[in-house]
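Quick note: the coordinates plus some simple rules give every number you see, no bench work behind them. Note that the structure is a prediction, hence the values are computed from the model and not measured. All Cβ positions, glycine included, derive from the backbone under ideal geometry; neighbour counts span all protein chains shown.
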């Protein structure tokens, strides 16, 4: 764990050594405000909650998380620093976890900096802050799932743009898997069990309950499994690329 901590600290500092983290956080905060107050009509609703704020998080993460993760492994392979990285006394697993935790902390920081919206709602009314906190936790878990997928896609290629596009495509499938458009394509020939299974993979379906303050154990386990499985896939890909 000490090696994971050191890699996490190194990668986290690397995000702020370049404008990447600052640009990401600025864009996230700006878009969060636009979606919440203008598209979500927070004031016009007349309700003291943050539903308009959290409802847009899956769509924000769909584009912003792949953008911050696309250089994670692609840049290491393109510049050749992955060979140097693998000569250090650390395992591939420790490196994968370190990169993931560093980027996940950046996402946590971006989320934490949206606290003025929370303060605004408390000033205007009396929201259930327990529900709001649960929704923040759920949002961070979902961001971690987006991030694990994006890092895995980054490990597949040396090209950051290709990694970005692949990550968006895969993440989009997870987002819309519970929508009627997708389910209708399976309803005609697949059984109810198959359709329900496909719907259960949807990030929107899982997060909708969390956004309402319901931190169900099955939703928590789902996001942790998604994170774990995609990070494991990332480790396997990095091992193969290293051997190649």
In degrees, nearest ten, helix 160-176 long axis to first principal axis of the chain (Cα) = 40
Using alpha carbons only, how many degrees (0 to 90, rounded to 10) separate the axis of helix 20-34 from the longest principal axis of the chain?
-> 10
The chain, Gaussian network, Cα under 10 Å: of 78, 45, 206, the residue fluctuating most is 45
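Specify whether the C-alpha gyration tensor of the stretch 1-52 places it in the rounded, prolate or oblate class, a ≥ b ≥ c being the square roots of the eigenvalues: rounded for a/c under 1.5, otherwise prolate if a/b is larger than b/c and oblate if not.
It comes out oblate by the Cα gyration axes.
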Gain in span if fully extended, residue 232 to residue 214, counting 0.36 nm per residue against the direct Cα distance | 3.7 nm
With the Cα gyration tensor of the stretch 1-115 giving a ≥ b ≥ c as the square roots of its eigenvalues, does the rule (a/c under 1.5 for rounded; else a/b larger than b/c for prolate; else oblate) give rounded, prolate or oblate?
-> prolate
Which of 93, 18, 157 moves most in a GNM of the chain, Cα contacts under 10 Å?
-> 18
Where does helix 2-17 land angle-wise versus the long Cα axis of the chain, in degrees 0 to 90, nearest 10?
-> 70
FRET efficiency (residue 129, residue 22; Cβ distance; R0 41 Å; to 0.05) is 0.90
Counting pairs of alpha carbon atoms under 8 Å apart in space and at least six apart in sequence, what relative contact order in percent does the stretch 24-153 give?
-> 41
If you stretched the chain out fully between residue 14 and residue 198, how much longer would it get, using 0.36 nm times the residue separation minus the C-alpha to C-alpha distance?
-> 62.5 nm
Please work out the Cα convex hull volume for the stretch 2-243 and give it in Å³ per residue.
-> 140
Obtain the nm distance between the two label points defined at residue 45 and residue 118 by a simple spin-label model: each point lies 7 Å from its Cα along the Cα-to-C-beta direction.
-> 1.7
Would you please put 119-125, 132-138 in order of how densely packed they are, using the mean number of other Cβ atoms within 10 angstrom per residue and starting with the highest?
-> 132-138, 119-125
May I ask you to compute the full-extension gain from residue 173 to residue 90, defined as 0.36 nm times their residue separation minus their alpha-carbon distance, rounded to one decimal in nm?
-> 26.5 nm
Whole-number Å³ per residue for the convex hull built on Cα positions in the stretch 24-82 | 79
Helix-only [θ] at 222 nm, the chain, -39500 (n - 2.57) per DSSP H run of 4+, per residue, nearest 500, equals -25500 deg cm²/dmol
Over the chain, relative contact order from alpha-carbon pairs under 8 Å, at least 6 apart, % | 27
